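The values are calculated or read from the model by the stated rules, or taken from the named source; none is laboratory data. This structure is a prediction, so every number in the text was calculated from the model and none was measured. Cβ placement follows ideal geometry from the backbone for every residue including glycine, while neighbour counts extend to all protein chains displayed. Keep in mind that these areas ignore ligands, DNA and RNA; they rest on the heavy atoms of the full protein, side chains included. Shrake-Rupley method; radii C 1.70, N 1.55, O 1.52, S 1.80 Å.
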Amino acid sequence: MARIAWILGGGTGLGAETAKGLIARGWTVAVSGRRTAPLEALKASHGAHPYPFDVTDRDAVGVTVAKIVADLGRIDLMIYSVARKQTARAGDYGYESYASIIDTNLLGAARVIDPVVDQMRRQGGGEIALVASVADYFGLPRAAAYSSGKAAMIALAQTMRTELAQDNIAVRVISPGFVKTDFTAKNDFPMPFLMDADEAGKRIVAGLLDSKRFEIAFPRRFVLILKTIGLLPYPVFFWVMGKLAGVAGK
Ligand SMILES: NC(=O)c1ccc[n+]([C@@H]2O[C@H](COP(=O)([O-])OP(=O)(O)OC[C@H]3O[C@@H](n4cnc5c(N)ncnc54)[C@H](OP(=O)(O)O)[C@@H]3O)[C@@H](O)[C@H]2O)c1
């Protein structure tokens with residue numbers, strides 16, 4: 001029997017490439033996002049099942065979970081690949097823009113996790129994968145809301161992994177480096193180790209289906225560099241960040 005995945009943010013970028021990879025491995029895949037057109041395109045090209053809705057609308061989340069379970073029977077794997085990009089100037093901490101990024105990138109996940117965990121408990125287990133970023137390792141310049149939302153997301157995943165093991169629900173975190181998607185298309189700074197979206201999708205699918213590890217992070221060399229930066233003593237760390245802010249601020 002085909003296993004059922006639900007990918008939020010599944011119409012484009014990493015979510016869409018992951019959907020294609022899972023479908024190629026025999027999964028039935030529901031995809032969500034606000035825009036109907038990319039979801040319908042994935043239905044036409046790969047047979048995905050579209051469920052358009054907005055993760056900031058809590059009522060719509062509950063309705064959508066119920067609809068997917070009614071149509072497809074269960075949710076074996078939920079992947080949260082939703083995010084809005086932040087294009088802040090260094091030193092810009094405007095509340096409205098901070099709150100709106102967190103509302104989608106972090107609270108959106110919380111709105112979905114609640115009914116999905118209930119459903120997975122009812123069906124006897126499942127898997128939840130939250131797409132964070134290598135930006136979750138520390139606070140990056142010009143990305144206060146994005147970085148702090150991703151850092152909170154990894155902490156959330158760690159808590160859930162510990163607490164939900166007893167319910168047979170495996171929680172994982174996916175931390176990509178720079179990937180060519182709409183998200184990065186207009187970035188005005190150097191993007192080391194930039195990767196094609198289809199390659200990133202393959203790494204995600206392999207990490208999810210062929211391993212049980214908590215963190216699926218790539219590309220490996222970039223991850224190692226960033227993790228090392230995160231371990232530096234603070235004076236050295238902030239010197240490096242200052243250099244980065246210089247580049248990113250131009
Ligand atoms: N690309 C990179 O270099 C990179 C690196 C590290 C991490 N990531 C993470 O990877 C994930 C996917 O990003 P991507 O690069 O694939 O970019 P993307 O193609 O822009 O994907 C973001 C998805 O989120 C959906 N979305 C945004 N707001 C939504 C809302 N309110 N309700 C429902 N869906 C919403 C978008 O669909 P609609 O606009 O139709 O709603 C879109 O499909 C994100 O979590 C991002 O932070 C990306």
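Here are the numbers for the structure shown:
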| item | result |
| --- | --- |
| Every pair of residues 6+ apart whose Cβ atoms lie under 6 Å, when the first sits in region 193-209 and is closer than 19 Å to VAL29 by Cα while the second is not in a helix (DSSP H, G or I) | ALA197/VAL179; ALA197/LYS180; ALA197/THR181; ALA200/PRO176; ALA200/VAL179; ARG203/PHE218; ILE204/ILE174; GLY207/ILE216 |
| Filter result for the condition that a residue is open to solvent by less than 30 Å² (accessible area, probe 1.4 Å), closer than 21 Å to ARG203 by Cα and β-branched (Val, Ile, Thr), over VAL29, VAL55, VAL61 | VAL29 |
| Sole exception among (1) β-branched (Val, Ile, Thr); (2) modelled with pLDDT under 95; (3) touching an Asp or Glu at 6+ places or on another chain (Cβ under 9 Å) for THR104, by number | (2) |
| Region 75-133 - residue that is hydroxyl-bearing (Ser, Thr, Tyr) and open to solvent by 30 Å² or more (accessible area, probe 1.4 Å) and, of those, nearest to the ligand (Cβ to nearest atom) | SER100 |
| Residue check, LYS20 within 18 Å of the chain's Cα centre (by Cα) and open to solvent by 30 Å² or more (accessible area, probe 1.4 Å) | yes |
| Check on ASP76, free of Cβ contacts under 8 Å to residues at least 40 places away in the same chain and among the acidic types (Asp, Glu) | no |
| Unmet criterion (only one of (1) among the hydroxyl-bearing types (Ser, Thr, Tyr); (2) within 24 Å of SER100 (Cβ to Cβ); (3) without any contact (Cβ under 8 Å) to a residue 60 or more places away in the chain) for THR28 | (2) |
| ALA37 open to solvent by 10 Å² or more (accessible area, probe 1.4 Å), more than 9 Å from the ligand (Cβ to nearest atom), among the hydrophobic types (A, V, I, L, M, F, W, C) and out of contact with any strand residue (DSSP E or B) (no Cβ under 9 Å at 6 or more places or on another chain) | no |
| Of all residues in region 204-250 being in a helix (DSSP H, G or I) and among the hydroxyl-bearing types (Ser, Thr, Tyr), the one that is most open to solvent (accessible area, probe 1.4 Å) | TYR234 |
| Residue match in region 183-190 (condition: under 23 Å from ARG84 (Cβ atoms), crowded, with 21+ Cβ neighbours inside 10 Å and within 11 Å of the ligand (Cβ to nearest atom)) | no |
| Residue in region 48-68 that is within 28 Å of GLU199 (Cβ to Cβ), in contact (Cβ under 8 Å) with a residue 24 or more places away in the chain and more than 12 Å from the ligand (Cβ to nearest atom) present | yes |
| Criterion violated by VAL134 - all others in (1) on the phi > 0 side of the Ramachandran plot; (2) in contact with a Leu (Cβ under 7 Å, 6 or more places away or on another chain) satisfied | (1) |
| Positions within region 149-203 being farther than 19 Å from PRO219 by Cβ, part of a helix (DSSP H, G or I) and in contact with a helix residue (DSSP H, G or I) (Cβ under 8 Å, 6 or more places away or on another chain), in sequence order | GLY149, ALA151, ALA152, MET153, LEU156, MET160, LEU164, ASP167, ASP182 |
